[in-house]
Each structure stands twice: as C-alpha cells, then as structure tokens.
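S.K.: Got a structure for you, questions after.
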Amino acid sequence: MKLLRTVAFNLFTWSLVLLIAFPLIWMVLTSLKPQTELFRIPPTWLPQSVTFEHYWRLLTETPFLIYFRNSVVLATATTLFVVTLGTVGAYSLVRFRYRGRETLALLVLFTYLLPSVVLIIPLYLAMVWLGLSNTLMSLVLAHTTFALPYALWLLRSFMEGVPEDLESAALVDGATRMGAFKDIILPQLLPGIISTALFTFILSWNEYLYALVLVNTDSVRPLTTGVMSMLISAFNIEWSLLMAASVMMSVPLIVVFAFLQSYLTRGFGAGGVKG
C-alpha cells in the first residue's frame, strides 16, 4: 500500500511538472523546426529535421545582440543599485535607533504595494526633467523604485537574524563601525544579499511596461520590448524567430536560477517569516 501511494504521488508530481514545463518544452522544439513544419496539421511533436537556422538568422539579421546587451547592462546595474541601497538601508533600520524609524519602514513597504503603472507618468516626467529620457539610466532608476522596497524588507529580515553581540564584540576589540559592518555583518548577510540580487535581476530582466514607455529607440531597448517590436507587427509574426529569441532570453535566467535557487528560496522564506 505504501509503495502504491509513493508511485501515485510520483506520477502526479511528474505530471504536474510536465504540465507546467510544457510551454517551455514546446518553445524549444518549435525553435528547432524548419519553417515548413511550423504550421503543419496535425502538428508534429518532435522536429522531423533539426535546424538551427532560426538562431543564426536571429543573431546575424536582427539587432537581437544589441537588445541582449542592453538587458544585461540594465539588469546588472539595477541589481547593484538595489543591493547596495537595500543593504545600507536595512542596516540603518535594524542597528540604529532614531525617531520615525518604524514609520519610515512602513512607508517603504507601502510604496511596494502601489501598482507600478501608477508611477509611469511621474517617473517619465521626472526623467525628462533630469535629461535622462530614452536612456538605459532612466530604466535603471525606474526598476529601482519598485525593486528596492521589497529588497529592503527582505534584507531587513536577514539583518535581524545577525546577533548584535557579534558586532558589539568587534567594536570593543577596536574595530570601526564600517570595519565591523564589512567583516561581521556582510558575511552573515551573504545569503540574503544573493537572494535579493537574484530577485532583482529576474524582475529587471523580465520587466516590460517601463521599458515600453520610457525608451523608444533600438539602441537602448532591452529584450522584452526589442523582440516584440522586431518580430511582431499588425500583419505578421515571425514565429520561428520569436521562439528562438524566447529560448535565448530564458537561458540566462535558467542558468542563474539553477545554480543559486537555494539562496532564492531561503530568502523568500526568511522574508515571509520575519517580515
């Protein structure tokens, strides 16, 4: 009976996994099919002849690499901004005592609860006033606005788990505040920093709405809007190239998540329990 339950549970679990992963599997298979197989009825599950023509065309005949570079720069810069500001801000909220500290923390959380679409017009006007419209920096600042509040609360939860006695002992031994922060706090905070960096990178990599509104030239478009404008029009959709582009857009996130998923799930758990 126990063996039967185990087999049934495994079958159910793998069926659920295959159901969830089916769009990704179909995307990869479609990107490897020749153009003549894409609209065959009935459809072929596996490509009768595997081809990488769509990937070659994507890399040589389209500005895909420019969009890819922009997305890497955008996601990396946003992650550095958010992790740096979130770490310093969380340290301030946990270790220092000053009037309005808890109110400030609640206000930061409140900004995260606002729909991102509400901030589009104020952010666009602010970028125009600063002279940053239609630049990658405008997207970095925009992504920081909705990634930083969550990162701050997540890092605050990790910071509260670091014993204050360790830092006090370092200060008694003659370490400076910054020295104690670098040698004591940061190593203890590393899982939280990695999980925050992963969350921010994925959020910035996949963001579409701000990229659509704040930039409108190919030289600064990220992948999300660049691929849409390049391969989808009112009269035609380049399905083969679109599937190849979707696969290549997913690869960096899959690789990063596969190697660092334990930090990400640990960070979500800590934020949910302590926040």
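The values are calculated or read from the model by the stated rules, or taken from the named source; none is laboratory data. Everything quoted here is computed from the prediction, not taken from an experiment. A quick note on method: Cβ atoms are made from the backbone with ideal geometry, for glycine too, and the neighbour counts reach across all protein chains shown.
S.K.: Just one of LEU93, LEU38, LEU19 is surrounded by fewer than 11 Cβ atoms within 10 Å (Cβ to Cβ) and either more than 20 Å from THR225 (Cα to Cα) or among the charged types (D, E, K, R) (or both); which is it?
M.R.: Sole residue among the options that is surrounded by fewer than 11 Cβ atoms within 10 Å (Cβ to Cβ) and either more than 20 Å from THR225 (Cα to Cα) or among the charged types (D, E, K, R) (or both): LEU19.
S.K.: Right, something else. Out of all the residues in segment 109-119, is one or more in a helix (DSSP H, G or I) and buried (at least 20 other Cβ atoms within 10 Å of the Cβ)?
M.R.: no
S.K.: If the Cβ limit is 8 Å and pairs must be 6+ apart or interchain, which residue in segment 154-173 that is free of Cβ contacts under 8 Å to residues at least 40 places away in the same chain and on the phi > 0 side of the Ramachandran plot pairs with which residue that is among the hydroxyl-bearing types (Ser, Thr, Tyr) and not in a loop (DSSP other than H, G, I, E, B)?
M.R.: Pairs that qualify, where the first residue is free of Cβ contacts under 8 Å to residues at least 40 places away in the same chain and on the phi > 0 side of the Ramachandran plot and the partner is among the hydroxyl-bearing types (Ser, Thr, Tyr) and not in a loop (DSSP other than H, G, I, E, B): there are none.
S.K.: Testing THR78 on (1) crowded, with 16+ Cβ neighbours inside 10 Å; (2) touching a residue at least 60 places away in the same chain (Cβ under 8 Å); (3) over 17 Å from ILE202 (Cα atoms), one condition comes back false. Which one is that?
M.R.: All conditions pass for THR78, except number (3).
S.K.: Answer with yes or no whether SER133 is in the same structural domain as THR225 (by TED's automatic domain parsing), under 30 Å from SER219 (Cβ atoms), hydroxyl-bearing (Ser, Thr, Tyr) and assigned to a loop (DSSP other than H, G, I, E, B).
M.R.: For SER133, the condition - in the same structural domain as THR225 (by TED's automatic domain parsing), under 30 Å from SER219 (Cβ atoms), hydroxyl-bearing (Ser, Thr, Tyr) and assigned to a loop (DSSP other than H, G, I, E, B) - is met.
S.K.: Another question, then. For segment 172-212, enumerate the residues that are in a helix (DSSP H, G or I) and among the acidic types (Asp, Glu).
M.R.: Result: ASP183, single match.
S.K.: Could you please give the count of residues in segment 171-214 that are surrounded by fewer than 17 Cβ atoms within 10 Å (Cβ to Cβ) and aromatic (Phe, Trp, Tyr)?
M.R.: The number of residues fulfilling the criteria is 1.
S.K.: I would also like to ask the following. With the requirement that a residue be out of contact with any helix residue (DSSP H, G or I) (no Cβ under 7 Å at 6 or more places or on another chain) and of a type outside the set (D, E, K, R), what does segment 180-198 give you?
M.R.: Hits for segment 180-198 are LEU186, PRO187, GLN188, LEU190.
S.K.: Can you work out which of the residues in segment 9-53 that are of a type in the set (Phe, Trp, Tyr) and more than 17 Å from TRP239 (Cα to Cα) is nearest to the chain's Cα centre (by Cα)?
M.R.: PHE22
S.K.: Right, another one. Restricting attention to segment 25-44, does a residue exist that is over 14 Å from SER240 (Cα atoms) and modelled with pLDDT of 85 or more?
M.R.: Yes, that holds for at least one residue.
S.K.: Which condition number does LEU59 fail, the rest of (1) over 30 Å from ALA180 (Cβ atoms); (2) in contact (Cβ under 8 Å) with a residue 12 or more places away in the chain; (3) surrounded by 13 or more Cβ atoms within 10 Å (Cβ to Cβ); (4) among the aliphatic types (A, V, I, L, M) being met?
M.R.: Going through (1) over 30 Å from ALA180 (Cβ atoms); (2) in contact (Cβ under 8 Å) with a residue 12 or more places away in the chain; (3) surrounded by 13 or more Cβ atoms within 10 Å (Cβ to Cβ); (4) among the aliphatic types (A, V, I, L, M) one by one, LEU59 breaks only (2).
S.K.: Kindly check whether there is at least one residue in segment 138-160 that is outside any helix (DSSP H, G or I) and assigned by TED's automatic domain parsing to the domain that holds VAL256.
M.R.: Within segment 138-160, none of the residues are outside any helix (DSSP H, G or I) and assigned by TED's automatic domain parsing to the domain that holds VAL256.
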